[in-house]
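Chemist: Handing you a structure now.
The values are calculated or read from the model by the stated rules, or taken from the named source; none is laboratory data. Computed from a predicted structure; not experimentally measured. Counting neighbours? That spans all protein chains shown, and the Cβs are built from the backbone with ideal geometry, glycine included.
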Amino acid sequence: MQREPQAFDRVLSSMCTEPHPVAREAAERFLATNPGDPGTYPTVAALEDDAIAILGEIAGLEDPAGYVASGGTEANIQAVRIARERAEAKRPNVVMPESAHFSFQKAADVLGVDLRIVPVDEQYRADLEAVRASVDSDTALVVGVAGTTEYGRVDPIPALAEIAHSADAMCHVDAAWGGFVLPFTDYDWHFGHADIDSMAIDPHKMGQAAVPAGGLLVRDESLLDELAVDTPYLESTSQATLTGTRSGAGVASAVAAMEELWPGGYRSQYARSQNNAEWLADALEKRGYSVVDPTLPLVAATLPRSTFDALRAKGWRISRTATGELRIVCMPHVTREMLASFIGDLDQLEVRASVPVVSDD
Ligand SMILES: Cc1ncc(COP(=O)(O)O)c(C=O)c1O
């Protein structure tokens, strides 16, 4: 097999990034290990405890419990599963803002719960009145997002946790993308700020670990019991993960990246990414495009469809929000030079579009 993976030099819309060199190296070393079978692979199982300890520190969780999942999707599905198991309702529901990731649709499908999707306010954050109005005695879970996929917004997490608990429901925070930048902001988003029960926080996004390395954290270890099944043929007794065999590469690279970067490296990465986002937003605004303020390192802007298509044809890996805006995520691999080159291509397209067509006759 001679093929090489694509380079990152034109990737502007991914929420994954080039792994940090120490994470890449650790992933390779632990490629053939399986933390799903801790009796056989105790070294990587112990590394997973280290991963959860650091994730807990990042997320303000004093007595951390959880596991390294395959990604945010698995963590979100498992959070819904815990809440469903705890709920007494025959047909439990989950209340979440329309900005929540589509993984919750998968959770609802496989777990047989109803999704109650509420609107966001003018700042793209969960509308609290709408959440209050949707919660009832069948509500198992209220979801808040700390770093939304399309606009990088943080929902009012403490208020959402209050609403959830007043209805005897649980509260889950999806910080799959935001978890490694929010510690350096003033937002209230984690276990230390609000009475939340579970969280998705992914090392393989802003954490610079190799894929697959997601994180599920729970406030109380007993919540994992809701997920555990007996494992008769293994030397361990039960398993709480959704997948069976798991990649030790993800676990090892998460630990390597976090040991290397938490907190100083992540802090300077956040500053660099945020500066890049603000620079890009400014560059787009100066050219007359309407831009959604990048409160985290993610820029959305209105761009004509034809310009968007022409940029993709030039090889830029960009994507659009549900309402059609250009969406650029300033991940660690996204440099100022890349963004300047992107704006250079945009300018060329604009010049061409503004040159009047001259007829020969
Ligand atoms: C906020 C949020 N949650 C969950 C996910 C799903 O994560 P994964 O693709 O790792 O399963 C994403 C993916 O971008 C996300 O942005």
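Chemist: For A7, state whether it is part of a helix (DSSP H, G or I) and over 17 Å from Y67 (Cα atoms).
Modeler: No, not satisfied.
Chemist: Got a number for residues in the range 74-113 being away from the ligand (no atom under 16 Å from the Cβ), in a loop (DSSP other than H, G, I, E, B) and either among the charged types (D, E, K, R) or over 22 Å from R219 (Cβ atoms) (or both)?
Modeler: Counting residues in the range 74-113 that are away from the ligand (no atom under 16 Å from the Cβ), in a loop (DSSP other than H, G, I, E, B) and either among the charged types (D, E, K, R) or over 22 Å from R219 (Cβ atoms) (or both) gives 4.
Chemist: Please pick out the residue among A281, A277 that is of a type in the set (G, A, S) and either under 25 Å from P21 (Cα atoms) or assigned by TED's automatic domain parsing to the domain that holds V154 (or both).
Modeler: It is A277.
Chemist: Right, next: I'm checking my understanding of the structure. Among residues of the range 208-243 that are β-branched (V, I, T) and not in a loop (DSSP other than H, G, I, E, B), which one is farthest from the ligand (Cβ to nearest atom)?
Modeler: V229
Chemist: Could you list, in sequence order, the residues of the range 1-50 that are of a type in the set (F, W, Y) and either farther than 24 Å from Y266 by Cβ or without any contact (Cβ under 8 Å) to a residue 12 or more places away in the chain (or both)?
Modeler: Y41, the sole residue that qualifies.
Chemist: Looking at the range 36-64, which of its residues are under 19 Å from the mean Cα position of the chain (by Cα) and not in a helix (DSSP H, G or I)?
Modeler: Correct list: A59, G60, L61.
Chemist: Here's a follow-up. So if I check each of L284, L261, L227, which one is touching a His at 6+ places or on another chain (Cβ under 7 Å), touching a residue at least 12 places away in the same chain (Cβ under 8 Å) and on the phi < 0 side of the Ramachandran plot?
Modeler: Numbers: L284 fails: touching a His at 6+ places or on another chain (Cβ under 7 Å); L227 fails: touching a His at 6+ places or on another chain (Cβ under 7 Å).
When all the criteria are applied, what remains is L261.
Chemist: Might you check whether a residue that is within 16 Å of the ligand (Cβ to nearest atom) and buried (at least 17 other Cβ atoms within 10 Å of the Cβ) occurs anywhere in the range 261-269?
Modeler: From the range 261-269, those within 16 Å of the ligand (Cβ to nearest atom) are none; that's our starting set.
For the range 261-269, residues within 16 Å of the ligand (Cβ to nearest atom) and buried (at least 17 other Cβ atoms within 10 Å of the Cβ): absent.
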